[in-house]
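Undergrad: Take this structure, written in structure tokens, and hold onto it; I'll ask about it next.
Read-outs throughout are calculated quantities, based only on the coordinates presented, and are distinct from any laboratory measurement. Predicted model only: the values in this text are computed from it and were never measured. Note: ideal-geometry Cβ built from the backbone for every residue, glycine included; neighbour counts use all protein chains shown.
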Amino acid sequence: MNTSRRSFLKVAGLSAFALSSGMAGLAGTAGAARAQIAPGRYERGENALTAKRWAMVIDTRQFRGPEDYEALIEACHKVHNVPHIPGNQNIKWFWLDKYDRVFPDDMNAHINDKTRQADYPLLCNHCTNPPCVRVCPTQATYRMEDGIVAMDYHRCIGCRFCMAGCPYGARSFNFVDPRKYLSDPVPNPTFPTRMIGVVEKCTFCAERLAVGKMPACVEASGGKILFGDLEDPNSTVRQALAANYSIRRKPNLGTQPGVYYLI
């Protein structure tokens, strides 16, 4: 057995142990940086924002360069206690990449240089037909009735089937203890930190919607990112999509992403 496979099985075994033991012991000893334990499901408060199908519209035309996205990335990662881990083990919820890698099946070879060379934001697409949900053996990732693809960290056993199933590379695996790379106290004590052997990703800020707040990146964008009910013809997202040309990532796969880009 090679080293990489041995290391993965060790991490997966630790994750399975954490699942069977309720994570109680590991939660108290995994690192100095801690936050409250993750709920298995999100409970809506009295002021919760609701929708039949949440969707996001990113107006990339209003962003001048990667520096314009920095505040959004910082807001997302601070709210969700996303660590910065040096090397190739970094965790990503909201990040940037170039046009050719964001929209690889765009066949237009003559698109203008400004569009092709620009940076575009990436996050979980919260698909209507999410392959990650179908392949998860423990229902650690599941689709909520409002279209959000959520995570139950307690159920994750670290098999990474969801990562293999996701065609957008939207998930990160904690090969090391992420809490060691967070400040103490953590940036947001009300949001759960994760542990080694667990997969994580963007959740469309389901925990914020449950208490009446918009997603962190939406608030930080100053109107450059819209968020609303795709099933409501009067919502800001529907109006923006009706008035502008938009594209989605890898539409030919049939996953029906919930993130739209105005180019």
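Undergrad: With labels modelled as points extended 7 Å from the Cα through the Cβ direction, what inter-label distance (nm, one decimal) is found for MET144 paired with ASN108?
TA: 3.4
Undergrad: For the stretch 46-63, take each phi angle, set θ = phi - 60°, evaluate the Karplus expression 6.51 cos²θ - 1.76 cosθ + 1.60, and give the result in whole Hz per residue in order, putting x for glycine and proline.
TA: So the J values, rounded to whole Hz, are 5, 9, 4, 8, 10, 7, 6, 7, 5, 8, 10, 10, 9, 8, 5, 5, 8, 9.
Undergrad: Something else now. Based on the Cβ-Cβ distance from ARG248 to LYS78, what FRET efficiency comes out when R0 is 30 Å, to the nearest 0.05?
TA: 0.65
Undergrad: Now for a separate question. Assuming R0 = 22 Å, can you tell me the calculated FRET efficiency for the pair ASP100 and MET163, based on Cβ-Cβ distance, to the nearest 0.05?
TA: Between ASP100 and MET163 the formula returns 0.50.
Undergrad: Next up: What nm distance separates the two modelled labels at LYS180 and ASP232, each placed 7 Å from Cα along Cα→Cβ?
TA: 4.6
Undergrad: For the stretch 212-263, run through the chymotrypsin sites (Phe, Trp or Tyr not before Pro) and keep only the ones in DSSP coil with at most 16 other Cβ atoms within 10 Å of their Cβ.
TA: The qualifying sites are TYR245.
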